[in-house]
Amino acid sequence: MNEPVTSETYAAQLRRLADLTARVREQRAEAHTWHERQCAAAERAVADAAEQLRSAEEELVAARELQERVDAEVAHLWQLVRSRLGARRLGGPPAPANGVGATDPVPLLAKARDLMDRAGQPGELPGSVNPLLVLCGVAGGVLAYALGAGARALGVGYGGDLAVGLPVLALVVTLLGPLVGLVPARVLADRRHAVLGPRPITVVLGAGLLTTVLLLVLGR
């Protein structure tokens, strides 16, 4: 026969049931809290991933724009190299080298542009062309003296007013002899892509003046 359930046993069962119910409620609350935390962490991870994706897309767009600017600048500089050096058979610009570390190309292009600007600026004629400059001055003096002598001869031949005016004109032309030598000197400088600076001008004028003086002295 079964034993009758006493009030003490019934109360113990009720306490046990209450404990189990409280424990289930705590575990359910813990599970709910854990689930909320996991959902919040997942949402944060998704938000961080979306932000990283947005940043990566912006960096990609900026990198493409930089690449386009760099490619355009490289093509421009390469065209300058071909035109200034006369290297028509160089073809297109060189392709980027493989295995090169990440380097900002903008400062490198700025340095290349500065070098091209300085290379494109003509310099002064070197001292090795001084004999040619002297020859230009001598040729100018001789040519001017010859033109002056011809004018004087015409004045003597025609007589009258020409006999008075042409000798004066001949003297002016003869005195311009040193300046006449600057014309071939300028052509020489242009062919060498240089400027006719103070030193070459002094050499030409000095040689032309000396030649003119010697011709005037010898022509007396």
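The values are calculated or read from the model by the stated rules, or taken from the named source; none is laboratory data. Predicted model only: the values in this text are computed from it and were never measured. Counting neighbours? That spans all protein chains shown, and the Cβs are built from the backbone with ideal geometry, glycine included. Heads up: the accessible areas ignore ligands, DNA and RNA and are worked out on the full protein's heavy atoms, side chains in. Shrake-Rupley method; radii C 1.70, N 1.55, O 1.52, S 1.80 Å.
Taken together, Val61, Val74 contain a single residue that is open to solvent by less than 50 Å² (accessible area, probe 1.4 Å), aliphatic (A, V, I, L, M) and either free of Cβ contacts under 8 Å to residues at least 40 places away in the same chain or over 30 Å from Arg113 (Cβ atoms) (or both), which is Val74. Looking only at the range 166-182, filter to residues that are open to solvent by 40 Å² or more (accessible area, probe 1.4 Å) and farther than 15 Å from Leu209 by Cα; which one of those is modelled with the highest pLDDT? Of everything passing the filter in the range 166-182, Leu169 is modelled with the highest pLDDT.
Every condition in (1) exposed (fewer than 10 other Cβ atoms within 10 Å of the Cβ); (2) modelled with pLDDT of 85 or more holds for Glu43 except the one numbered (1). Give the residues of the range 108-135 that are part of a loop (DSSP other than H, G, I, E, B) and either at pLDDT 70 or above or acidic (Asp, Glu) (or both), sorted by residue number. Leu125, Pro126 - these are the residues of the range 108-135 that are part of a loop (DSSP other than H, G, I, E, B) and either at pLDDT 70 or above or acidic (Asp, Glu) (or both).
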